[in-house]
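None of the figures in this text is laboratory data; all of them are computed from the coordinates on show. Just so it is clear, the model here is predicted, and its values are computed rather than measured. Neighbour counts run over all protein chains shown; Cβ positions are idealised from the backbone, glycine included.
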């Protein structure tokens, strides 16, 4: 072999050694760091999926809480926790204003349920309401229908109708109804 051929072989070997060196010192660290990045990206994807599942679970729990809270608030309106007469009075006056009837007399009485064996019924308080109203037939009918459908549990006991002394189109109506409340709520929650 000639000197030129040996130089060419050495030159080719040097280029191969330099290429391998560049590959080892430049490409391999980048390759290993890119595999590290790929691992981190995959890890973050799984974390994101898990966090999204947790978020959906929490949102479902929040929605269920709001639904149960709305049902609870509705039940509290139907069956109040205390004997707050002012709220009941305000509701009655609002309904009277809506039906355009005049309330001539209003009276409330706290009534107890007769002795019963059921423990739940012993905890129920009753407010008996007696009203004397004045208005036309349709106004009185609107008042009574609205009282019946108000959110609070109401039981109309008696309705008596008579005509007014001055005019036959104005009626005087006696209405008696009961509303209920949980009289032991405060003692149960202390």
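Taking the longest Cα principal axis of the chain as reference, the axis of helix 3-22 is set at about 20 degrees. Calculated mean residue ellipticity, 222 nm, the chain: -19000 deg cm²/dmol, from DSSP H runs (n ≥ 4) at -39500 (n - 2.57) each, averaged per residue and rounded to 500.
In the chain, the longest principal axis of the Cα atoms and the axis of helix 28-78 are about 0 degrees apart.
Panel order for 20, 172, by other beta carbons found within 10 Å of each beta carbon, from fewest to most: 20, 172. Cβ-Cβ distance of residue 71 and residue 126, R₀ of 30 Å, FRET efficiency by 1/(1 + (r/R0)^6): the value works out to about 0.80.
Protection proxy ranking of 148-157, 87-96, 63-72, by the mean of other Cβ atoms within 10 Å over each peptide's residues and highest first, is 87-96, 148-157, 63-72. Take every Cα pair under 8 Å whose residues are at least 6 apart in sequence, average their separation, divide by the length of the chain, and the relative contact order is 20 percent. Stretching the chain fully between residue 78 and residue 153 yields a gain of 26.5 nm (0.36 nm per residue, less the alpha carbon separation).
For the Cα atoms of the chain, what angle does the longest principal axis make with the long axis of helix 85-99, in degrees from 0 to 90, nearest 10? With rounding to tens, the tilt is 80 degrees.
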